[in-house]
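**Q** After the structure tokens below, expect a handful of questions from me.
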Amino acid sequence: MSDFEGLDINLEETESGSFIPEGDYPCIIKVAERKTSKTGNDYINVELSVTGEKYAGWQVRKIFSLWYQHADPQKESEIRGYAKNDFARLIRACGMSEVPKKTIELLGKEVMCKLIVQDADEGSEYGASNEVKSFSKIERSTPPKASSLPPSMSEDKEEKEDDKGAKPPSL
């Protein structure tokens with residue numbers, strides 16, 4: 001018996017790359033680490049997992065080239081500037097008021113990610129993929145206010161005609 005019995009898989013019609021539709025998705029940070037690229041530039045690698053009802057478990061990544069170095073000072077400044085702005089948005093979306101001392105402090109933080117579909121580079125063996133365009137704080141809804149509270153608990157302080165002069169019981 002085959003492990004793949006009953007599946008119709010066409011190996012001739014494979015798409016390279018995969019992505020989910022553009023939109024805002026709740027995510028949790030699963031990986032946050034400082035790494036060094038092949039060219040010697042340090043960066044922060046953040047991997048997130050979608051947690052919402054749709055596409056739960058889908059993985060996306062964002063790289064922050066905070067220490068980017070280049071012979072052209074203008075290009076270096078531009079790349080670092082974008083990275084710093086994006087990283088600041090992530091920190092605020094995590095509910096933090098300052099940059100953490102260690103990247104590990106980002107683990108488990110929940111954020112809303114705006115994902116876009118990025119076309120593959122010309123000649124790339126990989127197809128289109130998702131890119132994290134921005135981060136925002138997940139807005140938690142407040143529980144609904146109770147509708148029928150006793151008058152003593154009500155925030156409505158208007159005195160009713162029959163309540164005038166009423167005093168609380170003494171103990």
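The values are calculated or read from the model by the stated rules, or taken from the named source; none is laboratory data. Since the model is a prediction, treat every value here as computed from it, not as a measurement. A quick note on method: Cβ atoms are made from the backbone with ideal geometry, for glycine too, and the neighbour counts reach across all protein chains shown. Side chains are part of the model used for accessible areas, which takes the heavy atoms of the whole protein and leaves out ligands, DNA and RNA. Shrake-Rupley method; radii C 1.70, N 1.55, O 1.52, S 1.80 Å.
**Q** Tell me, which residue of the stretch 106-123 that is assigned to a loop (DSSP other than H, G, I, E, B), in contact (Cβ under 8 Å) with a residue 40 or more places away in the chain and of a type outside the set (Lys, Arg) is most open to solvent (accessible area, probe 1.4 Å)?
**A** Once the filter is applied, the top-ranked residue is Leu107.
**Q** Please determine whether any residue of the stretch 100-113 is more than 26 Å from Gly40 (Cα to Cα) and at pLDDT below 95.
**A** Looking through the stretch 100-113, none of the residues is more than 26 Å from Gly40 (Cα to Cα) and at pLDDT below 95.
**Q** Determine which member of the set Arg80, Arg34, Arg92 is in contact (Cβ under 8 Å) with a residue 12 or more places away in the chain and either within 16 Å of the chain's Cα centre (by Cα) or under 21 Å from Lys137 (Cβ atoms) (or both).
**A** Arg92
**Q** Checking Gln74 against (1) within 24 Å of Phe135 (Cα to Cα); (2) outside any loop (DSSP other than H, G, I, E, B), only one condition comes out false. Which one?
**A** (1)
**Q** Test Arg92 against the stated conditions and say whether it is over 25 Å from Ala128 (Cα atoms), open to solvent by 40 Å² or more (accessible area, probe 1.4 Å), modelled with pLDDT of 95 or more and of a type outside the set (Asp, Glu).
**A** It is true that Arg92 is over 25 Å from Ala128 (Cα atoms), open to solvent by 40 Å² or more (accessible area, probe 1.4 Å), modelled with pLDDT of 95 or more and of a type outside the set (Asp, Glu).
**Q** Of the residues Lys102, Lys84, Lys75, Lys62, only one is open to solvent by less than 50 Å² (accessible area, probe 1.4 Å) and among the basic types (Lys, Arg); which?
**A** Just one listed residue meets the conditions, Lys62.
**Q** How many residues does the stretch 42-55 contain that are modelled with pLDDT under 95 and more than 18 Å from Ala93 (Cα to Cα)?
**A** 3
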